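Notes follow once the structure below has been shown.
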Amino acid sequence: MGLGHLIVIAGPSGVGKSTIVREMLRQTGAFFSVSATTRNRRPNETDGCDYRFVNRATFEKMIAEGQLLEWAEVFGDYYGTPEKPVTEALSGAKTVILEIDIEGSRQVHQKLPEATFIFIGPPDKDELKRRLTNRGTESQRDIERRYARAAEEMCVATGSGIYNHMIVNDDLDRAIRQVVDIVKEQTQK
Ligand code: 5GP
């Protein structure tokens, strides 16, 4: 797809993916693909940086026009990766990071099996529930939905054979270091 390298980072909601990715980007200077989503913006999020927040009609137009490299409906909202910025960054020999769900990474794997796939899992289910609750950004119903999906995602991911690296986020600093090392290794290739 270009001179650069694509790295897909997937894992259940609440596992600490965003924290790990944010710090990894700071340390590596890799290019972050900003996803489009129809979900509501959280107070700490910036449109165009964390996500591109769009309505359903706009998202459905993006699907219809083939603008998305992958997309999935997660917790009743659409999430997807606009293809053009990814292609352009790869053509510019950049290391490109997608932070997406496992359905999206399955789609990317079908199109671009040469990408690197990283799965970040929680130490255990109780810890995941605690993190989802402590984050304080979702309602109790959303927490339950995210928790139920996490259990399913972990089974699917383990059996999928897609992931080159499975990382357990039981120690944040170590998880960051592991992801940074993978990104640096791919960037130097
Ligand atoms: P959140 O609402 O917590 O930001 O994200 C919910 C889930 O959607 C997370 O698992 C996140 O990785 C995933 N997600 C974010 N962006 C994308 C995307 O562009 N495509 C897909 N398939 N999933 C995404």
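Only Cα pairs under 8 Å and at least 6 apart count here; give the relative contact order of the chain as a rounded whole percent.
35
Based on C-alpha coordinates, I'd like the Rg and Dmax of the chain, in Å.
15.8, 45
Given DSSP loops and a limit of at most 10 other Cβ atoms within 10 Å, what is the longest stretch of the chain that contains no such GluC sites (Glu not before Pro)?
Excluding the exposed sites themselves, the longest stretch runs over 115-189.
What distance in nm lies between label points placed 7 Å from Cα along the C-beta direction at Lys84 and Glu144?
4.2
Ignoring ligands, DNA and RNA, what percent of the accessible area of the stretch 5-187 is carbon or sulfur (1.4 Å)?
48
Given the rule -39500 (n - 2.57) for each run of at least 4 DSSP H residues, summed and divided by the residues of the chain, what is its mean residue ellipticity at 222 nm, to the nearest 500 deg cm²/dmol?
-15000 deg cm²/dmol, from helical runs alone.
The values are calculated or read from the model by the stated rules, or taken from the named source; none is laboratory data. Since we're looking at a predicted model, the values are computed, not measured. Quick reminder, even Gly has a Cβ in these numbers, built from the backbone with ideal geometry, and neighbours come from all protein chains shown. To get the accessible areas, we keep the full protein, side chains included, count just its heavy atoms, and leave off ligands, DNA and RNA. Shrake-Rupley method; radii C 1.70, N 1.55, O 1.52, S 1.80 Å.
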